[in-house]
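Novice: Have a look at this one before I ask anything.
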Amino acid sequence: MIELHHVTAGYSDKPVLHDITAAFQSGELTVIIGPNGSGKSTLAALCMGLVRPMEGKVRWNGRDLQSIPVKERAVTAGLLSQEHPVPSLSVRRLVMHGRFSQVPWPRTYADDDKVLADRALERAGIMDLADCSVAELSGGQRQKAYLAMLLNQDPEMMFFDEPATFLDLPSQKHLEMTMRSLAREGHGVIAVVHDLNTALKLADRILVMEKGQIRFGGTPEQLLASAIPQEIFGARIVPVMVEGSTEYIVKEASGHSGHSDRPQSGLSETPDVL
Ligand code: ADP
């Protein structure tokens, strides 16, 4: 579990997040959503220890994060970020680095490490890329290589910052299913996403951020019943049944003046309620 207690945090001496109190649990898929610049990525970085609190505390399983040695942190939390370095390594070797903190020095990988890396490559759907160089990959393939590295790291808490960037539609669906099954297996899964439809379909719990603060925390049903979609996204959400499962049509709320940084609904046409 990762807990934030009245945290203010930002860059240099400029706060971006203000008085954040929240908890992220194992076995739960939390989606963080909000307008551009509202602090979603900074919140993920703060939870990971990549941004230090100016005030307040970040606790991992009850321990003050600042007191946990960096080497130990990889067991508890990992991040699939939006930007990836491009090392001159094969994809398999990159994925094996996911267990870096668990392989004793000098780092010689045992057969078991290779089996685990192959399992992660399989799960990320890129076994065919195992022997390619990371430098040769497309943006989407690189995203999947780093996903496989995170799967191989296998931390208790997994953060995904806009993970669908670069991915085609089938790969996005595959990733969503992977995140859901990781939560079912007991991982805490926290995803920053930019469209409401995905948030509503994917999440056990949704946090809505605005201007560096958490404006809402609750289930998709509670979000649908609240005024938040209208107030923050200028949107009206219409649940529809499509082939036996619920989809959400995100419509511009009538009379809304518009929010220039509003997240995209992901839909250009909005059919009538079915
Ligand atoms: P979001 O993920 O919701 O789009 P971010 O957390 O990326 O928002 O950014 C929140 C605010 O922090 C923005 O005003 C942004 O300009 C600022 N910010 C983000 N990263 C940095 C950084 N590395 N240095 C300085 N300011 C940053």
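Novice: Over what distance in Å are the Cα centres of the stretch 48-68 and the stretch 185-225 separated?
Specialist: 22
Novice: Something else about it: Pulled fully out, how much extra length does the chain show between ASP111 and MET177, if you take 0.36 nm times their separation in residues and subtract their Cα-Cα distance? Numbers along the way, then the final one.
Specialist: Values: separation 66, 0.36 × 66 = 23.76 nm, distance 2.87 nm.
This chain segment gains 20.9 nm when fully extended.
Novice: Using only Cα atoms, find the angle between the long axis of helix 139-153 and the longest principal axis of the chain, and express it within 0 to 90 degrees, rounded to the nearest 10.
Specialist: 70
Novice: A further question follows. Can you give the % of DSSP beta bridges in the stretch 11-164 that are antiparallel, to the nearest 5? Before the final figure, lay out each step's value.
Specialist: Working: 4 of 8 bridges.
Percentage antiparallel, nearest 5: 50.
Novice: Follow-up question, since we're still on this one. Which ³J(HN,Hα) values in Hz, rounded to whole numbers, follow from the phi angles of the stretch 168-181 under the Karplus curve 6.51 cos²θ - 1.76 cosθ + 1.60, where θ = phi - 60° and Gly and Pro get x?
Specialist: Calculated HN-Hα couplings, in order: 6, 4, x, 5, 4, 4, 4, 5, 4, 5, 5, 5, 4, 6 Hz.
Novice: Find how much the distance from LEU89 to VAL75 grows on full extension, using 0.36 nm per residue of separation minus their present alpha carbon separation; answer in nm with one decimal. If you can, show how the numbers build up before the last one.
Specialist: Working: separation 14, 0.36 × 14 = 5.04 nm, distance 2.32 nm.
Length difference between fully extended and current span is 2.7 nm.
Novice: List the residues whose amide H sits under 5 Å from the amide H of VAL16, counting only those 5 or more places along or on another chain, with H placed 1.01 Å from N in the peptide plane.
Specialist: Close amide H contacts, sequence-distant or interchain: ALA9, GLY10, TYR11.
Novice: In whole Hz and in residue order, list the ³J(HN,Hα) couplings for the stretch 229-239 that follow from phi through the Karplus curve 6.51 cos²θ - 1.76 cosθ + 1.60, θ = phi - 60°; x for Gly and Pro.
Specialist: x, 5, 5, 9, 9, x, 10, 10, 10, 10, x
Novice: Counting DSSP beta bridges with both partners in the chain, what percentage is antiparallel, nearest 5?
Specialist: Numbers: 29 of 46 bridges.
Antiparallel: roughly 65 percent of the beta bridges in the chain.
Novice: So who's got an amide H within less than 5 Å of the one on GLU210, skipping anything under 5 residues away but keeping other chains? H placed 1.01 Å off N, in plane.
Specialist: ARG215
Novice: If the cut-off is 22 Å between C-alpha atoms, which lysines fall inside it for LYS57, apart from same-chain ones fewer than 8 positions away?
Specialist: Reachable lysines: LYS14, LYS40, LYS71, LYS211.
Novice: Report, to the nearest 10°, how far helix 111-123 tilts away from the longest principal axis of the Cα atoms in the chain, using its own Cα long axis and a range of 0 to 90°.
Specialist: Roughly 30 degrees between the two axes.
Novice: How much accessible surface area, in Å² rounded to 10, belongs to the heavy atoms of SER226 with a 1.4 Å probe?
Specialist: Solvent-accessible area, nearest 10 Å²: 40 Å².
Novice: Right, next: What value, in deg cm²/dmol to 500, does the helix sum -39500 (n - 2.57) over DSSP H runs of n ≥ 4 give at 222 nm once divided by the residues of the chain? Mind showing how you got there, number by number?
Specialist: Details: 9 runs with 85 residues, N = 274.
Rounded to the nearest 500, the figure is -9000 deg cm²/dmol.
Novice: Going through the stretch 118-220, which GluC sites (Glu not before Pro) have at most 11 other Cβ atoms within 10 Å and a DSSP loop state? Present the calculation step by step, with values, prior to reporting the outcome.
Specialist: Working: sites: GLU122, GLU136, GLU156, GLU176, GLU185, GLU210; in loops: GLU156, GLU185.
Filter output for the stretch 118-220: GLU185.
Novice: Then there is this: Under a no-solvent Debye model with one identical scatterer per Cα of the chain, what's log10 I(q)/I(0) at q = 0.08, 0.12, 0.15 Å⁻¹?
Specialist: -0.35, -0.78, -1.16
Novice: Right, another one. If you rank THR30, THR21 by how much accessible surface each has, with a 1.4 Å probe, what is the order from largest down? Intermediate results must be reported in sequence, preceding the final value.
Specialist: Details: THR30 0, THR21 75 Å².
My answer, sorted largest first, is THR21, THR30.
The values are calculated or read from the model by the stated rules, or taken from the named source; none is laboratory data. Just so it is clear, the structure is predicted and the values come from calculations on it, not from any experiment. Counting neighbours? That spans all protein chains shown, and the Cβs are built from the backbone with ideal geometry, glycine included. With ligands, DNA and RNA removed, areas are computed over all heavy atoms of the protein, side chains included. Shrake-Rupley method; radii C 1.70, N 1.55, O 1.52, S 1.80 Å.
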